[in-house]
Amino acid sequence: MNNALKFYIEGQWLEAESGETLEVVDPSTEQAFIKIAVGNAEDVNKAVAAARRAFPAFSVSSVGERLALLEEILRVYNLRYDDLVQAVSQEMGAPLHFARDAQVWSGRAHLESTISALKSFTFSEQHGTTRVLREAIGVCALITPWNWPLNQIVCKVAPAIAAGCTVVLKPSEIAPLTGIIFAEILHEAGVPAGVFNLVNGTGPDVGQPMSSHPQVDMVSFTGSTRAGIMVAKSAADTVKRVAQELGGKSANILLEDADFEVAVAKGVQGCFSNSGQSCDAPTRMLVPAAQHARALEIAKRTAQQLVTGSPRDANTNLGPVISAAQFDKIQGLIQAGIEEGATLVAGGLGRPEGLDKGYYVRPTVFGNVQPSMTIAREEIFGPVLSILPYDSEEQAIEIANDTVYGLAAYVQSTHLEHARAVAGRMRAGSVYLNYPDWDTFAPFGGYKQSGNGREYAGWGIHDFLEIKGVVGWGN
């Protein structure tokens with residue numbers, strides 16, 4: 001990769017001001033395989049200045065021009081599809097089929113949905129004698145995570161461009177290669193100089209200077225709630241807009257009229273997808289107490305059928321988790337589940353049998369989990385499922401909502417009206433009924449400590465716009 005030791009600023013690949021580098025580790029082997037440049041506040045200043053210079057012209061570009069640009073980005077993205085698959089598989093350990101059909105697919109799907117939304121988006125409308133204009137908010141700092149790198153990069157960059165904003169992107173330094181390739185895609189697509197800029201680095205060295213920068217008008221951040229709080233504090237002094245998609249501890253309520261064979265099996269698979277590294281994963285399965293033993297049996301059988309192994313093996317369902325730190329955190333939480341008295345149904349401590357290298361976690365299921373237990377309250381971010389029994393539907397709803405998070409919730413029922421009624425009582429930004437397909441036009445974001453703002457398609461475009469009322473415009 002020719003540009004790993006450079007940053008993309010004002011349409012050029014430039015040497016980092018810091019001169020510092022960082023090794024990127026393949027989590028399936030625990031071996032470093034490439035070095036990237038990591039930046040500092042000086043690199044951020046250069047990138048923000050470039051974005052600021054580009055903003056006046058790009059913010060008044062026509063919708064047609066921005067639409068054509070996004071369509072060209074999509075065309076080049078498809079040309080680089082296989083490169084992205086290989087990169088995301090190596091940098092975060094995603095099995096190749098999952099990298100292709102989910103990770104890289106999500107970036108393409110969000111480009112397509114943003115393009116579709118922009119075609120019908122209303123930037124100007126009449127309210128009586130006042131004209132209401134929606135205008136680009138300005139220079140945007142975009143900070144994205146490692147777990148769904150392309151999903152979150154495209155969820156921010158595409159709507160920002162659609163709105164007429166200019167951006168500085170900091171991908172995760174743990175999984176940065178997809179971001180570098182994405183910058184190459186935008187360059188080849190002809191994005192005007194300064195409209196898109198990329199600086200790699202750590203949160204303290206790059207993310208903090210971006211979020212506090214006086215010439216940045218908005219920060220869009222995806223990551224942990226802890227880091228999100230720090231970003232919001234850094235941004236507060238300059239009163240910039242902060243949009244955040246943060247942690248989750250999503251409940252999956254299986255109502256009494258659910259099809260338990262299907263609902264439990266799909267719930268296990270949903271929790272363990274991406275090795276459990278999804279902020280909206282259904283990590284708390286709530287089942288009627290009378291069905292608890294049956295649910296444990298189905299969950300155990302499902303978990304034991306999943307193959308954990310090399311991302312490059314076609315039979316692999318689950319790859320490693322991202323890092324040694326993440327592996328150790330997950331092991332600690334599994335230990336807490338055991339010590340606090342939950343029933344270990346499948347998996348447990350240590351690596352799966354036959355794997356002595358790589359950050360592989362055993363697909364783990366706990367039963368008899370009580371709402372007060374650590375594994376029922378803390379975001380684990382690994383392939384660990386907690387199954388909680390409930391005595392009544394009212395109690396299930398109460399348990400589901402008893403969390404500081406509110407990103408997603410899941411409801412399973414053979415009667416759609418029943419599921420809809422329960423969905424209306426969930427304190428979460430997204431509620432999924434009976435495991436629907438991924439909808440990249442639905443609003444995505446959270447209640448409570450899961451963040452604010454909404455992403456995907458037109459909802460994402462709205463987040464990057466200011467509203468201006470021109471009073472006295474006339475009819």
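The values are calculated or read from the model by the stated rules, or taken from the named source; none is laboratory data. Nothing here was measured: the structure is a model prediction, and the numbers come from that model. With ideal geometry, Cβ positions are generated from the backbone for all residues, glycine too; neighbour counts draw on all protein chains shown.
Here are some conditions: (1) modelled with pLDDT under 95; (2) crowded, with 19+ Cβ neighbours inside 10 Å. Residue 354 meets all but one. Which one does it not meet?
Against the list (1) modelled with pLDDT under 95; (2) crowded, with 19+ Cβ neighbours inside 10 Å, residue 354 comes up short only on (2).
Yes or no: the stretch 220-238 includes at least one residue that is within 30 Å of residue 288 (Cα to Cα) and touching a Leu at 6+ places or on another chain (Cβ under 8 Å).
Checked against the condition, which is being within 30 Å of residue 288 (Cα to Cα) and touching a Leu at 6+ places or on another chain (Cβ under 8 Å), the stretch 220-238 yields no hits at all.
Does any residue of the stretch 121-128 turn out to be modelled with pLDDT of 95 or more and within 23 Å of residue 203 (Cα to Cα)?
No, the conditions are met nowhere in the stretch 121-128.
Any chance the stretch 408-421 includes a residue that's part of a loop (DSSP other than H, G, I, E, B) and either within 30 Å of residue 360 (Cα to Cα) or within 15 Å of the chain's Cα centre (by Cα) (or both)?
No: zero hits.
Would you mind telling me which numbered condition in (1) surrounded by fewer than 20 Cβ atoms within 10 Å (Cβ to Cβ); (2) in contact with a Leu (Cβ under 8 Å, 6 or more places away or on another chain) residue 311 fails?
Result: residue 311 passes all but (1).
Across the stretch 17-53, what is the total count of residues that are small (Gly, Ala, Ser), in a strand (DSSP E or B) and farther than 19 Å from residue 207 by Cβ?
The qualifying residues number 1.
Results for (1) under 24 Å from residue 372 (Cβ atoms); (2) of a type in the set (A, V, I, L, M); (3) in the same structural domain as residue 55 (by TED's automatic domain parsing), shown as yes or no for each residue.
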| position | (1), (2), (3) |
| --- | --- |
| 217 | no, no, yes |
| 233 | no, no, yes |
| 293 | yes, yes, no |
| 309 | no, no, no |
| 314 | no, yes, no |
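Of the residues 191, 168, 219, 206, only one is assigned to a loop (DSSP other than H, G, I, E, B), in contact with a helix residue (DSSP H, G or I) (Cβ under 8 Å, 6 or more places away or on another chain) and aliphatic (A, V, I, L, M); which?
The conditions single out 191.
Results for (1) outside any helix (DSSP H, G or I); (2) closer than 20 Å to residue 313 by Cα, shown as yes or no for each residue.
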residue: 78; (1), (2): no, no
residue: 82; (1), (2): no, yes
residue: 100; (1), (2): no, yes
residue: 105; (1), (2): no, yes
residue: 109; (1), (2): no, no
residue: 112; (1), (2): no, no
residue: 121; (1), (2): yes, no
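Take the residues of the stretch 207-228 that are touching a strand residue (DSSP E or B) at 6+ places or on another chain (Cβ under 6 Å) and within 14 Å of residue 279 (Cα to Cα): which is surrounded by the fewest Cβ atoms within 10 Å (Cβ to Cβ)?
228
All but one of (1) of a type outside the set (S, T, N, Q); (2) over 14 Å from residue 143 (Cβ atoms); (3) outside any strand (DSSP E or B) hold for residue 253; which doesn't?
Unmet for residue 253, out of (1) of a type outside the set (S, T, N, Q); (2) over 14 Å from residue 143 (Cβ atoms); (3) outside any strand (DSSP E or B): (3).
Would you call residue 266 within 21 Å of residue 319 (Cβ to Cβ), out of contact with any helix residue (DSSP H, G or I) (no Cβ under 7 Å at 6 or more places or on another chain) and charged (D, E, K, R)?
In short, yes.
Being part of a helix (DSSP H, G or I) and more than 27 Å from the chain's Cα centre (by Cα) is the filter here, so list the residues in the stretch 336-357 that pass it.
Hits for the stretch 336-357 are 338, 339.
Among what's in the stretch 284-307 and is within 20 Å of residue 359 (Cα to Cα) and in contact with a helix residue (DSSP H, G or I) (Cβ under 8 Å, 6 or more places away or on another chain), pick the residue that is surrounded by the fewest Cβ atoms within 10 Å (Cβ to Cβ).
Filtering first and then ranking leaves 306.
Taking the stretch 158-191 on its own, how many of its residues are farther than 13 Å from residue 9 by Cβ, over 21 Å from the mean Cα position of the chain (by Cα) and surrounded by fewer than 24 Cβ atoms within 10 Å (Cβ to Cβ)?
Summing the residues that are farther than 13 Å from residue 9 by Cβ, over 21 Å from the mean Cα position of the chain (by Cα) and surrounded by fewer than 24 Cβ atoms within 10 Å (Cβ to Cβ) in the stretch 158-191 gives 4.
Give the residues of the stretch 422-462 that are of a type in the set (Val, Ile, Thr) and either surrounded by fewer than 18 Cβ atoms within 10 Å (Cβ to Cβ) or assigned to a helix (DSSP H, G or I) (or both), sorted by residue number.
Matches in the stretch 422-462: 422, 461.
Please pick out the residue among 106, 120, 113, 124 that is under 21 Å from residue 175 (Cα atoms) and of a type in the set (S, T, N, Q).
From the options 106, 120, 113, 124, the qualifying one is 106.
Got a number for residues in the stretch 289-310 being within 31 Å of the chain's Cα centre (by Cα) and part of a helix (DSSP H, G or I)?
Selection size over the stretch 289-310: 10.
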